[in-house]
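Written below as C-alpha cells is the structure these notes are about.
The values are calculated or read from the model by the stated rules, or taken from the named source; none is laboratory data. Bear in mind the structure is a predicted one, so any value in this text is a computation, not a measurement. Note: ideal-geometry Cβ built from the backbone for every residue, glycine included; neighbour counts use all protein chains shown.
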C-alpha cells in the first residue's frame, strides 16, 4: 500500500468524532449481545434503555423518561432496546423510533428520530426526526400520535 493511501485511510477515520466512535462501539456490543442471544426481547431491553436514560444529564433524562412513557403507552407492542447506545423502540427486531440525547453528540437539542420502518410517509417528503428542547403537553400528544402512526 502506498503511503498516500495510508494517509487517506487515516484521514477518513479521523473524520469521526469521539462521540460517533463511541456510539459505533456501543452498536458493535449490541450486535454481539444479539448474536449470543443474551438480549431478552423485552425485560433486558427495557433495563438497558432505563440504564441509558439514567446516565443522561438531567434535562435530557427528563425528556427521555417522558418519551419512554409515551412510547410505551402509545405503542405497547414496541420493544425497548438500545441502538447505538440510545434508547430505541423496535418492532420485529427493527428499530422504529429512537431518542438521541443532546449530550451524546454535543448537540444543542435532543432528537426523536424515526427509521424507515416507521410508517410516516406523506407524499414525497416528510420529517423523520424532530428536534426537542422541551416537552409540552401538546408536544407529548403529537409524539404519541406520531408513534401510533408509525405502526399503522
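Looking only at region 95-106, filter to residues that are at pLDDT below 95 and either on the phi < 0 side of the Ramachandran plot or touching a helix residue (DSSP H, G or I) at 6+ places or on another chain (Cβ under 6 Å) (or both); which one of those is surrounded by the most Cβ atoms within 10 Å (Cβ to Cβ)? Full working, then the answer.
Initially, region 95-106 is screened for residues at pLDDT below 95, giving 103-106.
Imposing the further condition that a residue be either on the phi < 0 side of the Ramachandran plot or touching a helix residue (DSSP H, G or I) at 6+ places or on another chain (Cβ under 6 Å) (or both) reduces the set to 103-105.
On the way: 103: 15, 104: 22, 105: 14.
Here the answer is 104.
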Worksheet item: Restricting region 105-138 to residues that are touching a residue at least 40 places away in the same chain (Cβ under 8 Å) and in contact with a strand residue (DSSP E or B) (Cβ under 7 Å, 6 or more places away or on another chain), which is nearest to residue 69 (Cα to Cα)?
Response: 112
Practice prompt. Looking only at region 38-56, decide whether some residue is out of contact with any helix residue (DSSP H, G or I) (no Cβ under 8 Å at 6 or more places or on another chain), under 15 Å from residue 140 (Cα atoms) and either at pLDDT below 95 or surrounded by fewer than 20 Cβ atoms within 10 Å (Cβ to Cβ) (or both).
Written response: no
Worksheet, complete the sentence: residue 66 fails exactly one of (1) farther than 19 Å from residue 27 by Cβ; (2) touching a strand residue (DSSP E or B) at 6+ places or on another chain (Cβ under 9 Å); (3) in contact (Cβ under 8 Å) with a residue 40 or more places away in the chain; (4) surrounded by fewer than 20 Cβ atoms within 10 Å (Cβ to Cβ), namely (2)
Item to complete: For residue 117, state whether it is surrounded by fewer than 22 Cβ atoms within 10 Å (Cβ to Cβ), modelled with pLDDT under 95 and over 18 Å from residue 48 (Cβ atoms).
Response: no
